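J.: There's a structure below that I have some questions on.
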Amino acid sequence: MPVREAREADLKAICQLSNEINGTHYAHMPNDFAKPDGSNRDEPYWQSFMNRDDSAVFVTENNGVLTGAAAVVVSTSTPYPFLTARPRGHVATIVVAESHRGRGLGRVLMSAAETYAKEKGAEDIKLEVMAFNADALDFYRELGYGNFSFRLSKTLP
């Protein structure tokens, strides 16, 4: 399954994939995620990872149709003075078209993200999984990912 770095011409198709994952997020967390509207509203988000020295978007395709996308960034800056300044990898978003899940595309995209991070000097890579997404959590655990922290939430009365 070939994977390649995304091009500007891929943005519309990436946004359609993004609408799929956003639909799932919205269905489970409508107070936090905006309802997808079928547009390319996420284009600036995905574009922000492209054509930079510290991030990339990788895509998979089947017969010219994009089937998956992953955005990865490697940052050496720290938001807090008590953290060490070292390259850290972060998978910002990954999505595989529902019609193509279970074919190993997620593994290919994660491998590309991990390779990219390692080439940029990162010793580790992190990502966030929504609590409702047990399938994704199982997938990442199969790839060797473990708990780093817990992000908790409370609805205020």
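The values are calculated or read from the model by the stated rules, or taken from the named source; none is laboratory data. Predicted, not measured: the structure shown is a model, and the values here were computed from it. Backbone-built Cβ (ideal geometry, glycine too); neighbour counts: all protein chains shown.
J.: Restricting to region 56-113, name every residue that is free of Cβ contacts under 8 Å to residues at least 40 places away in the same chain and among the aromatic types (Phe, Trp, Tyr).
T.: Of everything in region 56-113, those that are free of Cβ contacts under 8 Å to residues at least 40 places away in the same chain and among the aromatic types (Phe, Trp, Tyr) turn out to be 80, 82.
J.: Looking at (1) closer than 23 Å to residue 16 by Cα; (2) among the polar types (S, T, N, Q); (3) at pLDDT 95 or above, can you tell me which one residue 99 breaks?
T.: Answer for residue 99: the failing condition is (3).
Yes/no matrix, rows are residues, columns are (1) in contact with a Leu (Cβ under 9 Å, 6 or more places away or on another chain); (2) more than 22 Å from residue 48 (Cβ to Cβ); (3) at pLDDT 95 or above:
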{"residue": "82", "(1), (2), (3)": "no, yes, no"}
{"residue": "92", "(1), (2), (3)": "yes, no, yes"}
{"residue": "124", "(1), (2), (3)": "no, yes, yes"}
{"residue": "131", "(1), (2), (3)": "yes, yes, no"}
{"residue": "149", "(1), (2), (3)": "no, yes, no"}
{"residue": "155", "(1), (2), (3)": "no, yes, no"}
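J.: Pairs needed: first member in region 126-144, within 13 Å of residue 24 (Cα to Cα); second member anywhere, polar (S, T, N, Q) and surrounded by 11 or more Cβ atoms within 10 Å (Cβ to Cβ); C-beta distance under 8 Å; at least 6 residues apart or different chains.
T.: Pairs that qualify, where the first residue is within 13 Å of residue 24 (Cα to Cα) and the partner is polar (S, T, N, Q) and surrounded by 11 or more Cβ atoms within 10 Å (Cβ to Cβ), are 133/24.
J.: May I pose another question? If a residue has to be closer than 24 Å to residue 135 by Cβ and either modelled with pLDDT under 95 or surrounded by 14 or more Cβ atoms within 10 Å (Cβ to Cβ) (or both) to count, how many in region 1-28 make the cut?
T.: The qualifying residues number 16.
J.: A further question on this structure: Being among the β-branched types (Val, Ile, Thr) and more than 23 Å from residue 150 (Cα to Cα) is the filter here, so list the residues in region 98-134 that pass it. Reasoning before the result, please.
T.: Filtering region 98-134 for residues among the β-branched types (Val, Ile, Thr) gives 108, 115, 125, 129.
If the condition is that a residue be among the β-branched types (Val, Ile, Thr) and more than 23 Å from residue 150 (Cα to Cα), then 108, 115 are the ones that fit.
J.: Looking at region 100-157 only, could you name the residues that are among the hydrophobic types (A, V, I, L, M, F, W, C), surrounded by fewer than 15 Cβ atoms within 10 Å (Cβ to Cβ) and assigned to a loop (DSSP other than H, G, I, E, B)?
T.: Answer for region 100-157, where residues must be among the hydrophobic types (A, V, I, L, M, F, W, C), surrounded by fewer than 15 Cβ atoms within 10 Å (Cβ to Cβ) and assigned to a loop (DSSP other than H, G, I, E, B): 131, 132, 143, 148, 150, 152, 156.
J.: Could I ask something else about it? Take residue 81 and tell me if it is more than 16 Å from residue 117 (Cβ to Cβ) and not small (Gly, Ala, Ser). Break it down into steps so the answer makes sense when it comes.
T.: Values: more than 16 Å from residue 117 (Cβ to Cβ): yes; not small (Gly, Ala, Ser): yes.
Taking the combined requirement at face value, the residue satisfies it.
J.: Of the residues 39, 48, which is out of contact with any strand residue (DSSP E or B) (no Cβ under 6 Å at 6 or more places or on another chain) and under 25 Å from residue 2 (Cβ atoms)?
T.: Details: 39 fails: under 25 Å from residue 2 (Cβ atoms).
On inspection, the qualifying residue turns out to be 48.
J.: Filter region 41-66 down to residues that are touching a helix residue (DSSP H, G or I) at 6+ places or on another chain (Cβ under 8 Å) and among the aromatic types (Phe, Trp, Tyr) and give me whichever is surrounded by the fewest Cβ atoms within 10 Å (Cβ to Cβ).
T.: 45
J.: Right, next: For region 49-60, indicate whether the set of residues that are outside any strand (DSSP E or B) and among the basic types (Lys, Arg) is non-empty.
T.: At the first step, the residues of region 49-60 found to be outside any strand (DSSP E or B) are 49-54.
Those still in the list that are among the basic types (Lys, Arg) too: 52.
For region 49-60, residues outside any strand (DSSP E or B) and among the basic types (Lys, Arg): present.
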